[in-house]
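The values are calculated or read from the model by the stated rules, or taken from the named source; none is laboratory data. For clarity, every value in this text was computed on a predicted model and none was experimentally measured. We place every Cβ from the backbone using ideal geometry, glycine too, and count neighbours over all the protein chains shown.
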Amino acid sequence: MSYNLNEKTAAKLILDSFICKGKCNNALYLVDFLFKTLSDDQVSKYIEILHMKESPKVPKIGDIVKCNMKMFKYDNISIDKDILSDHNVYNSYDDTIYGVIIQSDDYGDKFNPWYYKMNIEILINSDSEHLILKNITVKTDDLNFSVNEGKQEMITKVITKVREETLTL
């Protein structure tokens, strides 16, 4: 038997089932179901959110993020940190470059902010001193969302300019 519930109703029913704190007849089956249908990453994220004191940062398309250069250790991405510094898109203090979220890396058509990997565009230099955007896939947990508002605005302007220059080529 199948039921067609809207997301809000389904969420309320699921939330109510967890509020019963094991007093529901089928609570153990529900937990077993979740552990067997969710990936290890999803179970970890669920437990992490469950124990957070503050609301989690929910990624969205267009978010400006920082990426640590260690993430690219085995990728074929060569950059010139001096050129990126000249453009103010490299942070030498924590060895990070900036990017923008463009999509979740799942197979769905809709953006899934809870997916464990994201497709982002990072700002790197081309062979010359010009900036380009490179699409990469990274683990969501490896992204740093702590970019101050002024820096977000500046990076957004740089990304827009790079996209416009790419369109005119």
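Can you confirm whether Val43 is part of a loop (DSSP other than H, G, I, E, B), of a type in the set (A, V, I, L, M, F, W, C) and outside the structural domain of Asn148 (by TED's automatic domain parsing)? Spelling it out, it is not the case that Val43 is part of a loop (DSSP other than H, G, I, E, B), of a type in the set (A, V, I, L, M, F, W, C) and outside the structural domain of Asn148 (by TED's automatic domain parsing). Restricting Ser85, Ser128 to residues that are hydroxyl-bearing (Ser, Thr, Tyr), more than 21 Å from Lys151 (Cα to Cα) and over 15 Å from the mean Cα position of the chain (by Cα) narrows the list to Ser128. Restricting the range 88-125 to residues that are in contact (Cβ under 8 Å) with a residue 60 or more places away in the chain and over 15 Å from the mean Cα position of the chain (by Cα), the residue that is surrounded by the most Cβ atoms within 10 Å (Cβ to Cβ) is Val89. Specify the residue that is nearest to Asp105 (Cα to Cα); the eligible residues are those in the range 6-51 that are at pLDDT below 70 and among the charged types (D, E, K, R). Ranking the candidates gives Glu7 first. Condition check: in contact with a His (Cβ under 9 Å, 6 or more places away or on another chain) and in the same structural domain as Ile155 (by TED's automatic domain parsing). Does Leu123 satisfy that? Yes.
Considering the conditions (1) at pLDDT below 85; (2) surrounded by 15 or more Cβ atoms within 10 Å (Cβ to Cβ), Tyr3 is excluded by exactly one of them, (2). Kindly provide the set of residues from the range 100-117 that are outside any loop (DSSP other than H, G, I, E, B) and modelled with pLDDT of 95 or more, ordered by number. Scanning the range 100-117 gives Val100, Ile101, Ile102, Gln103, Ser104. When Lys60 is tested against the conditions (1) closer than 17 Å to Phe145 by Cα; (2) touching a helix residue (DSSP H, G or I) at 6+ places or on another chain (Cβ under 8 Å); (3) assigned to a loop (DSSP other than H, G, I, E, B), the lone failure is (2). The residues of the range 63-87 that are crowded, with 17+ Cβ neighbours inside 10 Å and assigned to a strand (DSSP E or B), listed by number, are Ile64, Val65, Lys66, Cys67.
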